[in-house]
Every structure is written in structure tokens, then in C-alpha cells.
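The values are calculated or read from the model by the stated rules, or taken from the named source; none is laboratory data. As the structure is a prediction and not an experimental result, all values here were calculated from the model. Please note: Cβ atoms are built from the backbone with ideal geometry, for glycine as well, and neighbour counts cover all protein chains shown.
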Amino acid sequence: MADSAAPLLATLRAIVGEANVLTADADVDPYVTDWRGRYRGRTRAVVRPGTTAEVSAVVRSCGEHGVPIVPQGGNTGLCGGATPHESGEEIVVSLARLARVRAIDAANATLTVEAGVPLARVQQTAADAGLFFPLSLAAEGSCAIGGNLSTNAGGTAVLRYGTARELVLGLEVVLADGRVWESLKGLRKDNTGYDVKQIFLGSEGTLGIITAAVLKLFPKPQTSATAFAALAGIDAAIALLGDLRQSLGDRLTGFELISRECIDLTRKQFPAFADPLPGHAWYALIQADDSAADSAIPAQIETALAAAIEQETARDAVIARSSAQAAALWTLREHIPEAQRREGANIKHDISLPVSHIPVFLDAAQEQLNAALPGVRYVVFGHLGDGNLHYNLSAPSGASASAFLDEAPRANRIVYDLVAAHGGSFSAEHGIGQLKREEMSRYKPAIEVELMRRIKHALDPDALLNPGKVL
């Protein structure tokens, strides 16, 4: 550690305590590598404040020394947004110790939590109060709610409840100069000018550090139904989605599209997982929930699937008859990303499209990618209900991992150009981070990027908050 860093580190130790300023390589290592292993950086130190006041003091001190900050939650992101750069000049500010549930207001259906609370604990706290927090991700046991909000996380229930930004009523944020903006209001109506909290939601820690939030809660589902359907094709999947929306309305919580390749890959890496319906090209994992204990949704889904099979929209279907069976179906779906990571080199695309454009996009993308990357393997799944596909590519069998990854720019151009041509987005729910920063100027309108830069400069004029991310 350079001598010039010593005064700042001494100040940070005085703020958060000696034990919460980490500098040894072994202690720092988990904080400087992203979950996918794509990015690895260096840092002057990892600082672990335990209160909002400590976060404020840390930010103010770093600002006085001109030292940039990388905020970090559970470090489960997929775009390198919480990973420091290789320069080693940055301080990583981990929010893991901000892990208190501050308040739960059952009558107002709100929960106030600090940024470091794991998403699974948020869900459980709501459930213990007889209510429901709907954000659900594969990483919910380790990701933190602050990171979820800073990336505007999506997940499996967006179809019914929306993304993370739609689940927030109030925020507490430490600004770039160390001041604290406290607006932890549990109001569903507050028409008093600009909705400032929305600036910070999805900003990936580049405009301020979220330290606490007031979250919306919902009635706890009393009746749930989970089904797994084999589909005649992508057009059939869209038709089935429309039928279920018509018959179930907003009780349709999730509609996940899964390819056969995903099932095979996941069972290869996790042989104990069952194969619900072997031998089909595409599947839908369907979830419906109702707050009424005597709801008819299980029968309604069974009727809808029987009609789909009769009309040859679906080839076959199974309906979970217990919570254990439902959990097994969701476990299969949620292990797809980990299975692909274990398989080896992969190129990920987290894209969104108008649902009606997905079939023609898939055909065009496969045609172009087959020509550009012979033997490429497709690992396609996602949240069809809201148009979000995880359009992932795995290296051809036996191919060099490094050679395949060298083709990522060419694959990205093919995929993202097609996405743009169909009115879609190159980032649906994973954010921008380092990975997709260059795509912003390529696919975002110039005036929109300019407005974003103006906001960044207004809130962080010295560019010390998560520099080199998003913009």
C-alpha cells in the first residue's frame, strides 16, 4: 500500500473500526472478483461501514482525498458493476453490515430495510408478518436488497409485480459529497414534483449509495399452482401465454420459457434433477398465485393446459401436486445459469423484446450465428411473460474457451443489432456495469446518453462514485 494512502486508511479505521478496513490479499479477494469470474480488480481497501452515518463519513473522507468508491452489496452481479478496476486506486465500500430491518408496517403493507439485508431475508420478514415481497431471483440467498435496487433487478415475477423500481416507495441515499438524502416515506401517492428516488434506482451506485428503502408488500398467496408444459414451438408459447393471461388475469405470476438444451445442460451438471417431460424442444414453467384460500386457479390452469394440448399448442403438461414438486420444477429452472457456468466458456445476452417479435428474432439470430460461429450451442431461457430472454451461447464441444470468448464482440453485434432492429433492449435486468458500457453509445439515442451524463455530473461532479460503470 502506497504511503499516500495511509492518512485515508487511518481515517477510515477511525470511522468504522480496525476490523472493518480490510487490506490483506486473502481478506480482500472475495470483494474484487465478480461472480462470473470475468472481472478481477484491485483495491486500496475494503471498508465495511455498519450505519448510514458511517457510510456518510466514509464517502466524505474519500471525497476529501479524491479517492473513488465502488459500492458493493452481495457481489452477485453479472456485469462487473460492483468490481473495482485494476488500477487499485478505488475503495470498495461493502454494505453487508447494514443488515437491519428497521420497521414493518403491516397496516400500510410496507417494510423498511437497510441495503445489506439479503433478499431472502426480506422475503421471510414479509412472510412472518403475513405478507409477501414478490422480488425473486436465483441468487436471493446471497444477493442484497441494496444491490437489487441499484440494478433494478427483475426476476421471475415481473409479469405480475414489475421490476424492483416498482416495489419501492422511499429511499435513503448517501450522496457523493457525503450528505444523506432521507426520504423513507411509505406513501403510494406523493405528487410533489420530480420523483427523485427513481434517479437512484437502476443507477448501479454511480449517482449515490442506497443505504435503506421502504418496500411495498402484498397479500400473501394462499393458493398457488405450478405447471410445466411442453410446447409445440415459440409461437405456441406466446399463444399459451395469451390464453393464460385471459383466463387468470393478474394471478398469473410467472411464465418462463426454457429450451431443451437448458434442461440437458442442467441435468448434465446436476444429475439428480428430474426431467419432467423428456423429448421436446421448448417448455414453459408457469406459476399462478391467489390471496384467496379457496381459489380455483389450480383447476383453471389444468383446464387451460388440457385445452392447449387438445389444440396442439402444448404437447404435454404436468401440474405440481405438492409444494415439493413445485420447488423441484423451479430448482431446475434456477440452476440453468450455474450449469452453464460449470460447463465452461459462454457468452451471455440479457435482452428484452416485444413478446410478439421473439419468434422472428430467434430465427434470424440462429441463422446468423450458425454462419458466424459454426457449432455454437444455444442456452436460451427467460421470462417470456415480460419479453426478457437470457440468450446465452456456449462454446462448441471441444472448442478452445479463449478462442470462443474472443468471438464475443462479433456475437454481440449480431444479437444486439437484431434486438435493436426489433425495438428491444440489450440489457433487460442485469444492468450495464463494465460489461455493456460501450453498448450505451452504440444503441442508446445520443440525446438520452447526454441527459444521463448531465445527471451524473450534477450528482457526482468529481466522478468518484463507481467510475467507469454505466457511462
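Among the numbered criteria (1) touching a residue at least 60 places away in the same chain (Cβ under 8 Å); (2) surrounded by 20 or more Cβ atoms within 10 Å (Cβ to Cβ); (3) among the charged types (D, E, K, R), which one does E261 miss?
(2)
Could you check how many residues of segment 236-270 are closer than 11 Å to A339 by Cα, part of a helix (DSSP H, G or I) and of a type outside the set (D, E, K, R)?
5
Select from segment 106-129 the residues that are β-branched (V, I, T) and part of a strand (DSSP E or B) and write down the one among them that is farthest from R42 (Cα to Cα).
T110
Which count do you get for residues in segment 417-437 that are farther than 21 Å from R36 by Cα and not in a loop (DSSP other than H, G, I, E, B)?
Total meeting the criteria: 6.
What pairs come out if I take residues in segment 185-204 that are on the phi > 0 side of the Ramachandran plot and pair them with residues that are among the polar types (S, T, N, Q) and surrounded by 10 or more Cβ atoms within 10 Å (Cβ to Cβ) whose C-beta lies under 8 Å away, six or more apart or interchain?
Correct list of pairs: G202/S150; G202/T151; G202/N152; E204/S150; E204/T151; E204/N466.
Tell me, which residue of segment 136-168 that is surrounded by fewer than 21 Cβ atoms within 10 Å (Cβ to Cβ), small (G, A, S) and in contact with a helix residue (DSSP H, G or I) (Cβ under 7 Å, 6 or more places away or on another chain) is nearest to A327 (Cα to Cα)?
Once the filter is applied, the top-ranked residue is A138.
Does segment 135-152 include one or more residues that are more than 14 Å from the chain's Cα centre (by Cα), closer than 24 Å to S291 by Cα and either modelled with pLDDT of 95 or more or among the basic types (K, R) (or both)?
No: zero hits.
Any idea which of (1) buried (at least 19 other Cβ atoms within 10 Å of the Cβ); (2) under 13 Å from I286 (Cβ atoms) is the one S224 doesn't satisfy?
For S224, the exception is condition (1).
Looking at G431, G424, can you tell me which residue is at pLDDT 95 or above and touching a Ser or Thr at 6+ places or on another chain (Cβ under 8 Å)?
Criteria check complete, one pass: G424.
Quick check on my filter: what residues within segment 360-399 are part of a helix (DSSP H, G or I) and among the aromatic types (F, W, Y)?
F361
From (1) in contact (Cβ under 8 Å) with a residue 60 or more places away in the chain; (2) farther than 16 Å from V47 by Cα; (3) over 19 Å from the mean Cα position of the chain (by Cα); (4) outside any loop (DSSP other than H, G, I, E, B), pick out the condition that doesn't hold for A103.
(1)
How many of the residues making up segment 77-107 are buried (at least 18 other Cβ atoms within 10 Å of the Cβ) and within 20 Å of A212 (Cα to Cα)?
10
Just one of L171, L175, L217 is surrounded by 23 or more Cβ atoms within 10 Å (Cβ to Cβ), among the aliphatic types (A, V, I, L, M), in contact (Cβ under 8 Å) with a residue 12 or more places away in the chain and closer than 30 Å to K469 by Cα; which is it?
Being surrounded by 23 or more Cβ atoms within 10 Å (Cβ to Cβ), among the aliphatic types (A, V, I, L, M), in contact (Cβ under 8 Å) with a residue 12 or more places away in the chain and closer than 30 Å to K469 by Cα holds for just one of L171, L175, L217, which is L171.
Tell me the residue from S397, S441 that is at pLDDT below 95, of a type in the set (S, T, Y) and within 30 Å of A281 (Cβ to Cβ), please.
Of the residues listed, the single one that is at pLDDT below 95, of a type in the set (S, T, Y) and within 30 Å of A281 (Cβ to Cβ) is S397.
Could you tell me whether any residue of segment 101-120 is of a type in the set (D, E, K, R), closer than 24 Å to I69 by Cα and not assigned by TED's automatic domain parsing to the domain that holds R48?
So far as segment 101-120 goes, yes, one or more of its residues are of a type in the set (D, E, K, R), closer than 24 Å to I69 by Cα and not assigned by TED's automatic domain parsing to the domain that holds R48.
Find all pairs meeting these conditions: Cβ atoms under 7 angstrom apart; at least six residues apart or on different chains; first residue within segment 121-149 and closer than 20 Å to G254 by Cβ and in the same structural domain as Q198 (by TED's automatic domain parsing); second residue among the hydroxyl-bearing types (S, T, Y) and not in a helix (DSSP H, G or I).
Every condition considered, the pairs that remain are S136/T156; A139/T76; C143/T76.
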